[in-house]
1. Go through 81-89, 35-43, 12-20 and give me the packing order, highest mean Cβ count within 10 Å leading.
2. What does the charge dipole of the chain about its Cα centre add up to, to the nearest 20 debye, if the Cβ of each Lys and Arg holds +1 and the Cβ of each Asp and Glu holds -1?
3. Tell me, what is the per residue accessible area of the chain in Å², probe radius 1.4 Å?
4. Quick one: if the Förster radius is 35 Å, what FRET efficiency do ARG84 and PHE35 give, using the C-beta to C-beta distance and rounding to 0.05?
5. Using a 1.4 Å probe on the protein chains only, how many percent of the accessible area of the chain belongs to carbon and sulfur?
6. Based on the Cβ-Cβ distance of ALA63 and ARG16, what FRET efficiency does E = 1/(1 + (r/R0)^6) give at R0 = 25 Å, to the nearest 0.05?
7. Which Cα, out of ASN26, ALA8, VAL39, lies furthest along the positive dipole direction of the chain (beta carbon charges, K/R +1, D/E -1)?
Amino acid sequence: MTVYSDFAGAVTEFRRGQHDRWHRKNEDPDSTISFDARVEAYRLRGVALHALFRVQLIASSPALIHAAQHAYDLTHRMHKAADRGEVGAFGTQAREALEHFVKLAASDVR
């Protein structure tokens, strides 16, 4: 349960960091704040990737691993959004994918 919970927390923080990165870049792409947000998003990506690897090591089903990978991938692409609406849609898709992972993980730990 700890591994699955840690993954959900890491992807949630990664998603928040991706939102921040996108907004700071669109406010002023050459600013120190934008640079710092990008660096923080990279750090959070590393934390989320580490958590994904842990899920891959202990998950009992390929479907659970796929759900985790999908949530990570959707979160990873958020910074590439073209506009505010798209970043919001990407964020929603990533959140829904993470919720799907959590439902599968809950069944796995019971």
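1. Numbers: 81-89: 12.8, 35-43: 15.9, 12-20: 21.0.
Ranked from most to least packed, the peptides come out as 12-20, 35-43, 81-89.
2. 200
3. I get 57 Å² per residue for the chain.
4. Working: r = 21 Å, r/R0 = 0.60.
Between ARG84 and PHE35 the formula returns 0.95.
5. Working: 3470 of 6290 Å².
About 55 percent, which is the carbon plus sulfur part of the accessible surface.
6. Numbers: r = 26 Å, r/R0 = 1.06.
Approximately 0.40, to the nearest 0.05.
7. After comparing all options, I get ALA8.
The values are calculated or read from the model by the stated rules, or taken from the named source; none is laboratory data. Note that the structure is predicted; figures quoted are calculated from it, not measured. Every residue, glycine among them, receives a Cβ derived from its backbone with ideal geometry; neighbour counts consider all protein chains shown. Surface accessibility is based on the protein's heavy atoms, side chains included, excluding ligands, DNA and RNA. Shrake-Rupley method; radii C 1.70, N 1.55, O 1.52, S 1.80 Å.
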